1. Sticking with the crude label model, points 7 Å out along Cα→Cβ, report the distance from GLU180 to SER260 in nm, one decimal please.
2. For a quick protection proxy, order the peptides 33-46, 186-199 by their average other-Cβ count within 10 Å, most packed first.
3. Which lysines, if any, have their Cα less than 19 Å from the Cα of LYS77, not counting same-chain residues under 8 positions apart?
4. Using mean Cβ contacts within 10 Å as the protection proxy, how do 158-169, 236-247 order, highest first?
5. If you compute mean projected area of the Cα convex hull in nm² for the structure shown, which of (i) 18.2; (ii) 22.7; (iii) 16.1 do you land on?
6. Less than 17 Å apart at the alpha-carbon level, and either on another chain or at least 8 residues along: which lysines does that give for LYS211?
7. Kindly identify segment 1-43 as rounded, prolate or oblate by the Cα gyration tensor criterion: order the square roots of the eigenvalues as a ≥ b ≥ c, call it rounded if a/c is under 1.5, otherwise compare a/b with b/c, prolate if a/b is larger, else oblate.
8. Per the 1.4 Å probe, what fraction of the accessible area of segment 97-161, in percent, lies on carbon and sulfur atoms?
Amino acid sequence: MEIVFGRVDDSIVQFTLSGASEASANALRRAMIGEVPTLAIEDVRIYDNTSVLFDEMLAHRIGMIPIKTDLSRFVRKDACKCEGAGCPLCRVIFTLTVEGPCTVTSGDLVSEDPETAPVDTNIPLVKLWKDQKLVIEAVAYLNTGSEHAKWQATIACGYKQYPVIEVTDQCDGCGMCVEECPRAVLEVKGQTVRVVDGRLEVCSLCKLCEKACIGTGIGDESAIHVKTDKTTYLFTVESDGSLPAQQIVEEGIRYIRKRSDELIESLQEISMEGQ
């Protein structure tokens, strides 16, 4: 397998995975969604809440706030030396004390660790009127999306098979397929149609060009054919901000490699036991 990155931003990456089966591509997708650890608020202690929201609704909103995560500094609670008691290596404590009238936002959460804070400080939590008050202590732990969606590092994570567009000699350059294409993938060049340089990957595989093509062959046969490469996939990964998008890809690959090594070791042990 080979990965080639096309677009790399903090929030979005796009890359091509080639030489892989669809099962492998889907395994990578699932790993990035459900097996990349991030911090999220799990325990909420509400000391005072006179807002219009019930405690449970407020705790749910707070738990869904994305938190900036440095994976080199934290471990999961079940793997920490403190054995789950709670320490700076496995948890981050946030406090919130606000009196109305105002709108309480994620920026009102004060972290004991300045480097670990909400990704966005403008996420609204609840509106407080005069004399209403909110006093909260919240604890964030490291976990994965397979446990709960609030630990998912991705907003969007998906792939499509790599498009392949073939134009036959029957093409007369009428341009009907060019007009029909919603993503400007095709253009008329001379007496034929071709793919615009750098636009192949944006093809949505809708095949509207095939339907629009009248062809010049026998019957209604199209002069343009849209297919897919069964071993190449275009991925788009968008981060919620807790981790850089490229790191999500790297962690997903690292997880698959780890599980593969564990499977090989198990199979080797079984084989040795059977001898």
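The values are calculated or read from the model by the stated rules, or taken from the named source; none is laboratory data. Just so we're clear, the structure is a prediction, and the values are computed from it rather than from any experiment. FYI the Cβ positions are ideal-geometry reconstructions off the backbone, even for glycines, and counts take in every protein chain you see. Just so you know, the surface numbers come from the protein's heavy atoms only, side chains and all, with ligands and any DNA or RNA stripped out. Shrake-Rupley method; radii C 1.70, N 1.55, O 1.52, S 1.80 Å.
1. 4.1 nm
2. Most protected by this proxy first, the peptides run 33-46, 186-199.
3. By straight Cα distance, LYS77 reaches LYS68, LYS150.
4. Peptide ranking by packing, descending: 236-247, 158-169.
5. Matching entry in (i) 18.2; (ii) 22.7; (iii) 16.1: (ii).
6. Reachable lysines: LYS227.
7. Because a/c hits 1.5 or more and a/b fails to exceed b/c, segment 1-43 counts as oblate.
8. Of the solvent-accessible surface of segment 97-161, carbon and sulfur hold 48 percent.
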